[in-house]
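Visitor: First the structure, which I've put down as structure tokens, then a few questions once you've had a look.
Read-outs throughout are calculated quantities, based only on the coordinates presented, and are distinct from any laboratory measurement. No experiment lies behind these values; they were computed from the predicted model shown. Neighbour counts run over all protein chains shown; Cβ positions are idealised from the backbone, glycine included.
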Amino acid sequence: MKRSTRILALLLVLSLLCGCQSSPASSAPPVSGEPSSQNPPFVSEPDDRPLPIAGIDAENYPLIDGSTANHPLLARIYAEITGLPREEAETLVQFNLGSTGLIWTDFLNDYPDTPDLLIVYEPPEEVKEEYAEQLGKLEIDPLGRDGLVFMVNAQNPVESLTVQQLRGIYTAEITDWSEVGGAAEEIRPFQRNPDSGSQTLFMKLLMQGDDPMDPPRELFVGTMGGLIDAVAGFDGSGAAIGYSVYYYANLMYANPDLKLIAVDGVEPTNETIEDKSYPLTNDFYVVIRADTPADSPVRALRDWLLTDEGRRLLEEENYVWARTGMPQQSAGAGNPFAMG
């Protein structure tokens with residue numbers, strides 16, 4: 001697997017984003033259960049507006065990478081900073097197709113040609129423990145916010161579960177939907193691989209130190225899209241439950257056969273995630289190395305992302321801004337994941 005992000009390389013996976021508009025004010029990718037395979041016509045000329053960061057263009061644009069749910073944002077940033085049309089930017093940006101954990105470990109090991117900047121979800125606990133010293137040599141700043149969401153088949157009558165009920169389902173203390181207001185049917189809870197971003201949030205936000213049940217092989221899924229499809233189609237019934245992050249499940253890979261359920265009576269929305277009234281929320285981060293030169297394009301891009309212009313860009317892509325109340329460019333917060 002290729003370890004780094006290289007600008008100007010063709011990315012097939014971004015075919016799922018191709019329905020986005022080319023305008024800088026375009027909305028997030030279209031809701032669809034299947035990524036589209038049709039690309040819009042290429043437009044090779046940048047627009048004639050001034051570029052937002054002096055000294056950064058397509059020639060010296062930093063190598064960047066991020067978690068799967070951040071890929072639309074990274075494509076939009078590239079279009080915004082270089083002046084290239086959005087649809088072309090989506091075909092020119094390539095990402096590491098591995099898990100969030102792999103993206104972190106590659107970056108922390110500083111392998112040749114690894115990215116200069118990440119926009120990424122929180123690393124797994126194993127990465128935090130093994131790379132505690134290296135994490136302390138990074139500047140890790142909150143940028144956006146997302147929620148861990150749970151989904152069931154649309155025909156399942158259950159509309160809301162409490163945090164305690166969800167924890168009971170995943171520790172096998174609750175095994176039948178009739179115990180939580182549903183039909184008399186065995187609950188089939190899907191899980192993700194340990195180094196995925198959604199599994200990290202699942203362990204942190206829901207399990208909180210408890211060990212989940214070991215899932216049968218058929219209930220263990222390695223990709224976010226695979227889990228969504230598996231829950232939607234499991235056994236032709238509403239028995240399954242699974243989880244993802246809100247942005248991916250709601251905008252990048254929505255499935256009409258699924259519904260997102262409320263937690264503690266609060267539905268996941270941009271508004272409830274922003275104000276944290278939805279109980280399972282967590283930030284994602286922009287990350288650079290602390291020794292990045294002060295006059296480098298990497299640091300200039302990071303600083304720009306922490307301004308109101310960065311907020312505008314996130315919100316136009318339907319992400320949730322996480323820095324409300326923070327001073328602009330109050331960057332270099334160190335390691336927010338420090339143990340103890």
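Visitor: Over what distance in Å are the Cα centres of segment 106-136 and segment 152-227 separated?
Guide: Computed from Cα coordinates, the inter-centre distance equals 28 Å.
Visitor: What does the charge add up to near Thr175, with Lys and Arg as +1, Asp and Glu as -1, over the other residues with Cβ less than 15 Å from its Cβ?
Guide: Surrounding charge for Thr175 is -4.
Visitor: Collect residues whose amide H, placed 1.01 Å from N in the peptide plane, falls under 5 Å from the amide H of Ala322; neighbours closer than 5 in sequence don't count.
Guide: Amide H to amide H, under 5 Å and 5 or more residues apart or across chains, Ala322 pairs with Gly144, Arg145.
Visitor: By count of other Cβ within 10 Å, fewest leading, how are Thr171, Thr281 ordered?
Guide: Thr171, Thr281
Visitor: Let me ask something else about it. Could you tell me which of rounded, prolate or oblate describes segment 147-274, using a ≥ b ≥ c as the square roots of the eigenvalues of the alpha-carbon gyration tensor, with rounded for a/c under 1.5 and, failing that, prolate when a/b is larger than b/c and oblate otherwise?
Guide: rounded
Visitor: Can you sort Thr114, Thr200 by how many other beta carbons sit within 10 Å, fewest first?
Guide: Ascending number of Cβ neighbours within 10 Å: Thr114, Thr200.
Visitor: Same structure, new question: I'd like the FRET efficiency for Val163 and Glu129, computed as 1/(1 + (r/R0)^6) with the beta carbon distance as r and R0 of 22 Å, rounded to 0.05.
Guide: 0.30
Visitor: Which length gain, in nm to one decimal place, applies between Thr269 and Met326 when the Cα-Cα distance is subtracted from 0.36 nm times their residue separation?
Guide: Here the answer is 18.3 nm.
Visitor: Once you charge only the Cβ atoms, +1 for Lys and Arg and -1 for Asp and Glu, what is the size of the charge dipole of segment 88-173 about its Cα centre, to the nearest 20 debye?
Guide: 440 debye
Visitor: Let me ask another. Treating only the Cβ atoms of Lys and Arg (+1) and Asp and Glu (-1) as charged, compute the dipole magnitude of segment 147-274 about its Cα centre; round to the nearest 20 debye.
Guide: The dipole of segment 147-274 has a size of about 260 debye.
Visitor: Report the extension gain between Glu186 and Asn60 in nm, rounded to one decimal, defined as 0.36 nm multiplied by the number of residues separating them, less their alpha carbon distance.
Guide: Contour length minus Cα-Cα distance gives 39.8 nm.
Visitor: Using a Förster distance of 41 angstrom, determine the FRET efficiency expected from the C-beta separation of Ser178 and Asn109, and round it to 0.05.
Guide: 0.25
Visitor: Moving to a separate point now. Could you name the aspartates and glutamates whose alpha carbon sits less than 18 Å from that of Lys137, not counting residues in the same chain fewer than 8 places away?
Guide: Asp106, Asp110, Asp116, Glu122, Glu125, Glu126, Glu129, Asp291, Asp303
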